[in-house]
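Scroll down for the structure; my scribbles are underneath it.
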Amino acid sequence: MKKVLVQLDSDRLPSLFDRIVAYDADIDVVLSYGGVALEDVRDLVHGAIFTRGGENLKNTAIFIGGSDVPTGEKMLKATQGTFFGPVRVSVMLDSNGCNTTSAALVTKILSLTGTMGPALPGTGPVPVHPGLGLLGKRALVLAGTGPVGMRVAGLLAQEGAQVGITSRKMERARSVGERLKEELGAEVTPLRDRHRGGAAPGPGGSAYPGGHRCRWSSTGETGALDRQSYH
Amino acid sequence: MKKVLVQLDSDRLPSLFDRIVAYDADIDVVLSYGGVALEDVRDLVHGAIFTRGGENLKNTAIFIGGSDVPTGEKMLKATQGTFFGPVRVSVMLDSNGCNTTSAALVTKILSLTGTMGPALPGTGPVPVHPGLGLLGKRALVLAGTGPVGMRVAGLLAQEGAQVGITSRKMERARSVGERLKEELGAEVTPLRDRHRGGAAPGPGGSAYPGGHRCRWSSTGETGALDRQSYH
Amino acid sequence: MKKVLVQLDSDRLPSLFDRIVAYDADIDVVLSYGGVALEDVRDLVHGAIFTRGGENLKNTAIFIGGSDVPTGEKMLKATQGTFFGPVRVSVMLDSNGCNTTSAALVTKILSLTGTMGPALPGTGPVPVHPGLGLLGKRALVLAGTGPVGMRVAGLLAQEGAQVGITSRKMERARSVGERLKEELGAEVTPLRDRHRGGAAPGPGGSAYPGGHRCRWSSTGETGALDRQSYH
């Protein structure tokens, strides 16, 4: 039975990148939809779950993509809300590459800290101590309230790290922290970035005099980030 | 040579259900088009019939779908009108699943009445006595002037049954009867449904006191349906 | 690794003809996009070039089609402008079939003049003396300033023929001649067609008393075409 991946993309033209990657991941048939709106999801999911019976349904999966992450998240929720009982398929959200980018980054960090094991047959490398690989480490996600930063923070926390997330607006950092707590049970410390320059102090930017080594201040204003070295 | 099915769907997003079913029916490549309007059909059919020569053309077929049956019927007519001489391909209409649903229902009825034979190699079960399987039976299609009801009535009549079709408007029932006579040579008796409640008395509804056993009145107003038992 | 062809079509519904021909040419997966505008090209090309690394990229190619040749030409330019260094894929333009039609015609002419060799394994027939097959011949492309005529003129000139191209407006013929000179280094003589009737004197039309044998006048008004026989 053919392995079918249904691509639901909120952009008018469904991502070519995602289509090629899916075929290279050994999917037999990628069925692509562009310009998918939230109200289209239910019928499409019905098409996915009502065509193959029982065990065969495991050969069908849904991929949600597009450049707009919040829309993708709503589509994911609508997709899962259409399933019932055993009538469900695997579903993956990767709008704007947010999940694959985050997962790749954290996997790289685990490799660099020596806590990724060798590749197993049929899979890539897996963590040696899942959930403990970054125990005792501190991690800071700069300007981390966007889709990728938020996911990186959550994944790092799930690997045992003590994680801080910064934003120029304390309110946004706090809101992301609460969401990660609620959705993943992850403890992430919200921090306000004191920098007020024109450019956002992003990763790789030069806003921090000490490069990326900024101090996570635990004194002074709670949760505020000094532009000092962070070791 | 690859078996190609061209899916022409009048809905903006071509039916996922139809695409998966086609791949599971061993089509090699399903080429899907959504948002197909009547005026698009000619060029698309040209693309289907002018690419492969002679015998090879039998590996190409056209499937017409979408939620709107009348539009699908016009597209079917436009498709057939584009063919000429031997330059033609197989074409199937199943807008809104009307034909497959009807055929499955009548096949089930034939099975229940013991007139379906065993499956043959390469096909499903076939009727033992084609055109005679329901001879001497009476069948009533309630609220049957929609796409599925109309097709069910026609198929039942073609299997030899004496068929009635009901509508709350006698005029609609008559018009469907005439169309079935004209297109299939099927004799179907139009009947007016006397029920005037808010909800349409559909199959499975509770509008009929005796459940689905309603009497097909041959007395009183010609062609009117009493809400009495029908044995 | 699957051979992937990305179809970028400026028409709303991507050409079915092109899709089937691609599958019959042994492409494994044709990824089709309809309604592609110039501003969509960059992102789509990124999707094509950033998914497969190094040598593997040779299994990806781009096909540009649609009924509008000038738009296709702009899309081709935008596609090539997105490539950099070795990060590029094969790309073919065949909007409105202009290139395949022209190439097929000139190949046929080479066959008829006996200068096409036999087919080689894995290819079609190839010219015996590339660039010299029509040396010493004169060719006239009537009403040849459209996409196909222009390409035929260029190909004939590249095979060594002395080529004239006609238009009812000398200015258009000249402009095409200049473009062929600039893009292909081909010398093509622009000619004004003196015919002023309602219908364009196209190939196969009856505007020329001597059928297709018109005289390429080298006397009188320079570059003007007499409706006399052309041997």
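The values are calculated or read from the model by the stated rules, or taken from the named source; none is laboratory data. Keep in mind that this is a model prediction, so the values were computed, not measured. No Cβ is skipped: glycine too gets one built from the backbone with ideal geometry, and neighbour counts run over all protein chains shown. Just the protein is used for accessible areas: all its heavy atoms, side chains included, with ligands, DNA and RNA removed. Shrake-Rupley method; radii C 1.70, N 1.55, O 1.52, S 1.80 Å.
Within the range C:65-75, being open to solvent by less than 30 Å² (accessible area, probe 1.4 Å) and either within 14 Å of chain A (Cβ to nearest Cβ) or not in a strand (DSSP E or B) (or both) holds for C:G66, C:V69, C:G72, C:M75.
Against the condition more than 10 Å from B:V188 (Cβ to Cβ), polar (S, T, N, Q) and surrounded by fewer than 22 Cβ atoms within 10 Å (Cβ to Cβ), how does B:Q158 come out, does it pass? So B:Q158 passes the test.
The condition of being without any contact (Cβ under 8 Å) to a residue 40 or more places away in the chain, part of a helix (DSSP H, G or I) and within 23 Å of A:G34 (Cβ to Cβ) holds for C:D40. Screening A:G54 with (1) assigned by TED's automatic domain parsing to the domain that holds A:V176; (2) over 25 Å from A:T145 (Cα atoms); (3) among the small types (G, A, S) gives one miss only, at (1). Scanning the range A:47-63 for residues being within 9 Å of chain B (Cβ to nearest Cβ) and in a loop (DSSP other than H, G, I, E, B) gives a total of 3.
When you check A:L31 against the structure, is it among the hydrophobic types (A, V, I, L, M, F, W, C), within 12 Å of chain B (Cβ to nearest Cβ) and over 27 Å from C:D43 (Cβ atoms), yes or no? The answer is no for A:L31.
If the condition is being farther than 19 Å from C:A25 by Cβ, open to solvent by less than 70 Å² (accessible area, probe 1.4 Å) and not hydroxyl-bearing (S, T, Y), then the range C:79-96 contributes C:G81, C:F83, C:G85, C:V87. With respect to (1) within 18 Å of the chain's Cα centre (by Cα); (2) more than 22 Å from A:I64 (Cα to Cα), the lone exception for A:L132 is condition (1). Being touching a residue at least 60 places away in the same chain (Cβ under 8 Å) and touching a strand residue (DSSP E or B) at 6+ places or on another chain (Cβ under 8 Å): is that true of C:T79 here? Yes; evaluated as a whole, the condition is true for this residue. Kindly indicate whether any position in the range A:166-188 is open to solvent by 30 Å² or more (accessible area, probe 1.4 Å), assigned to a loop (DSSP other than H, G, I, E, B), modelled with pLDDT under 85 and among the acidic types (D, E). No, the range A:166-188 has no match at all. Of everything in the range B:19-28, what is more than 11 Å from chain C (Cβ to nearest Cβ) and over 20 Å from the mean Cα position of the chain (by Cα)? Give them in sequence order. Of everything in the range B:19-28, those that are more than 11 Å from chain C (Cβ to nearest Cβ) and over 20 Å from the mean Cα position of the chain (by Cα) turn out to be B:I20, B:Y23, B:D24, B:D26, B:I27. Hey, among the residues in the range C:1-18 that are within 12 Å of chain B (Cβ to nearest Cβ) and among the aliphatic types (A, V, I, L, M), which one's least open to solvent (accessible area, probe 1.4 Å)? This residue is C:L16.
Of the candidates C:D68, C:D94, C:D18, C:D28, the single residue that is touching a Lys or Arg at 6+ places or on another chain (Cβ under 7 Å), in contact (Cβ under 8 Å) with a residue 24 or more places away in the chain and of a type in the set (D, E) is C:D28.
Residue-wise test of (1) in contact with a Ser or Thr (Cβ under 7 Å, 6 or more places away or on another chain); (2) modelled with pLDDT under 95; (3) surrounded by 18 or more Cβ atoms within 10 Å (Cβ to Cβ); (4) assigned to a helix (DSSP H, G or I).
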residue: A:I20; (1), (2), (3), (4): yes, no, yes, yes
residue: A:L31; (1), (2), (3), (4): no, no, yes, no
residue: A:V36; (1), (2), (3), (4): yes, no, yes, no
residue: A:V45; (1), (2), (3), (4): yes, no, yes, yes
residue: A:K77; (1), (2), (3), (4): no, no, no, yes
residue: A:V106; (1), (2), (3), (4): no, yes, yes, yes
residue: A:I109; (1), (2), (3), (4): no, yes, yes, yes
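Remark: C:V126 matches the filter, which requires a residue to be part of a strand (DSSP E or B) and either in contact with a Lys or Arg (Cβ under 8 Å, 6 or more places away or on another chain) or open to solvent by 30 Å² or more (accessible area, probe 1.4 Å) (or both).
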